[in-house]
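Read through the structure below, which is laid out as structure tokens, and then see the notes.
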Amino acid sequence: MTISTEVAQGAAPDDDDPESLDLRGDISFELEEVNEVLGELVAMRADQKAKDGDLLTARLGISGEKPETLARIGARYDLSRDRVRQLHTKAVGQMIRMAQLSGHRAAAVLSARYPLDARDRQLTRALLVETYATDTDIAATELSYLKLRLAGHAAEDAKRVAGFVTQRIAAWQKKTNRRLAKLHDAEPRATSQLNPWLDQVDWPRAGAPAAIPTTSARTVDSDDDGRGRFYLDKVGRDVPFDSGLEARLLWILNAGDQVETFQEQPAAVVYDLDGAERVHYPSIVAQLTDGRTVLIDVAPLGHVGFHVNRVKAAASRAHAHANGWGWLIWTGSRIGIPDLRARAVDAASERMLRDLIERGPVHWAALREVRAKTGLELLDFLALVLRHEWRWDRAPFRLSAPPSPPPRT
């Protein structure tokens, strides 16, 4: 069945505006199952061709990390941005054919979320909200197209709707630029959004803060066509950003009267993931008017429990405190990490998960059974992961107990 054409022209309506969204209402196990399906397919493709798996994982953010720009992926493989795009497009096409020929469950899962008889406006809005909630703006076109094709939509329909998603993101960026010219009106709202977050900063015990850097530590993809940018008068220059979440935080910092100045991606923080050395670029360091400094990392609410993101957060926190800076994970919601850790969770859900983990790693099918029996919600699950320091890996899903500490000698 062909999707009916209904194009929303101009800027996004208020209910699609990232500044008005709280991620709490847009994360769910249903969305996570879509991502798990994509992860399964990428893993299957990686079994056939490892380089395709690496490319798809990096570009689509399948593991729970942010998608990487084409330029950054190209730098890793010594390829041009256009060549990376070609290889990615080919790998996506092969993955779609593989899913169709194998009768993979992707069709059933995704067609329920992106119905074949849905109107363009409905699909576009659903994909826009998912993009914002998962911080995947850079790969919005590719992810939207892939989801719709796996759901059974024709290639031309999927391409058209994916284009609408990209257009709406661009329209919101232009709308934000216009708002930035009216900072006087924005200041009270920005301050009201920032105040609760400053109460959640993890401050170091002592020490004067080091000066904030004056340049970004990330330069390889500064001109990538997937990134947005706008002029911020507090720093007197154009500031690039990868997503609506990052843009919203920049807007708040630029308009908030407690912030003196800031620098995006101020440091390259080295961290170890299962024996492999990797590099993370925390989002922003902000100098406050009271002399304190805070390093802030944007992490969408639904992703803060992933093992890879928790490892990055621990390394970034250590870097912040070593410089005398506070540390904050900004989730794009009114809910922060301290709120999640303190969240009350149904005792039966917690008991069932603890019993399962004691017997070994928990996989997606077992978690689905827990949800069916107890009504476990994703926020409750996140709270338990953080509270018990369980290890949650995605693609494929695997929940396990933290490693035991080494015996004392």
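The values are calculated or read from the model by the stated rules, or taken from the named source; none is laboratory data. Fair warning: this is a prediction, and the values are worked out from it, not measured in the lab. With ideal geometry, Cβ positions are generated from the backbone for all residues, glycine too; neighbour counts draw on all protein chains shown. Each accessible area value is taken on the protein alone, full model and side chains, heavy atoms only, with ligands, DNA and RNA left out. Shrake-Rupley method; radii C 1.70, N 1.55, O 1.52, S 1.80 Å.
Do we have any residue at all in the range 88-96 that's at pLDDT 95 or above, buried (at least 23 other Cβ atoms within 10 Å of the Cβ) and basic (Lys, Arg)?
no
Per-residue answers, yes or no, for (1) modelled with pLDDT of 95 or more; (2) surrounded by 13 or more Cβ atoms within 10 Å (Cβ to Cβ); (3) of a type in the set (Gly, Ala, Ser):
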{"residue": "Ala348", "(1), (2), (3)": "no, yes, yes"}
{"residue": "Leu356", "(1), (2), (3)": "yes, yes, no"}
{"residue": "His363", "(1), (2), (3)": "no, yes, no"}
{"residue": "Ala383", "(1), (2), (3)": "yes, yes, yes"}
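Name the residue that is modelled with the lowest pLDDT, counting only residues in the range 19-36 that are touching a Leu at 6+ places or on another chain (Cβ under 7 Å) and open to solvent by less than 20 Å² (accessible area, probe 1.4 Å).
Selected residue: Leu23.
Answer yes or no: is there a residue in the range 222-234 that is small (Gly, Ala, Ser), modelled with pLDDT of 90 or more and crowded, with 16+ Cβ neighbours inside 10 Å.
Within the range 222-234 (the criterion being small (Gly, Ala, Ser), modelled with pLDDT of 90 or more and crowded, with 16+ Cβ neighbours inside 10 Å), the answer is no, since none of the residues qualifies.
For the range 59-87: of the residues being open to solvent by 50 Å² or more (accessible area, probe 1.4 Å) and not in a helix (DSSP H, G or I), which is farthest from Gly152 (Cα to Cα)?
It comes out as Asp78.
Taking Ala268 and the conditions (1) surrounded by 22 or more Cβ atoms within 10 Å (Cβ to Cβ); (2) at pLDDT 95 or above; (3) over 25 Å from Arg387 (Cα atoms), which numbered condition does it fall short on, given that it satisfies the others?
All conditions are met except number (1).
Which of the residues that make up the range 288-313 are of a type in the set (A, V, I, L, M, F, W, C) and over 22 Å from Ile62 (Cβ atoms)?
If the condition is that a residue be of a type in the set (A, V, I, L, M, F, W, C) and over 22 Å from Ile62 (Cβ atoms), then Leu288, Val294, Leu295, Ile296 are the ones that fit.
Looking only at the range 129-138, how many residues end up being crowded, with 24+ Cβ neighbours inside 10 Å and part of a helix (DSSP H, G or I)?
Residues in the range 129-138 being crowded, with 24+ Cβ neighbours inside 10 Å and part of a helix (DSSP H, G or I): 6 in total.
In the range 297-312, what residues are open to solvent by less than 20 Å² (accessible area, probe 1.4 Å) and either without any contact (Cβ under 8 Å) to a residue 60 or more places away in the chain or among the polar types (S, T, N, Q) (or both)?
Within the range 297-312, Asp297 is the sole residue that qualifies.
Before we move on, is Leu399 more than 30 Å from Pro204 (Cα to Cα), touching a residue at least 24 places away in the same chain (Cβ under 8 Å), surrounded by 18 or more Cβ atoms within 10 Å (Cβ to Cβ) and of a type in the set (A, V, I, L, M)?
Answer is yes for this residue.
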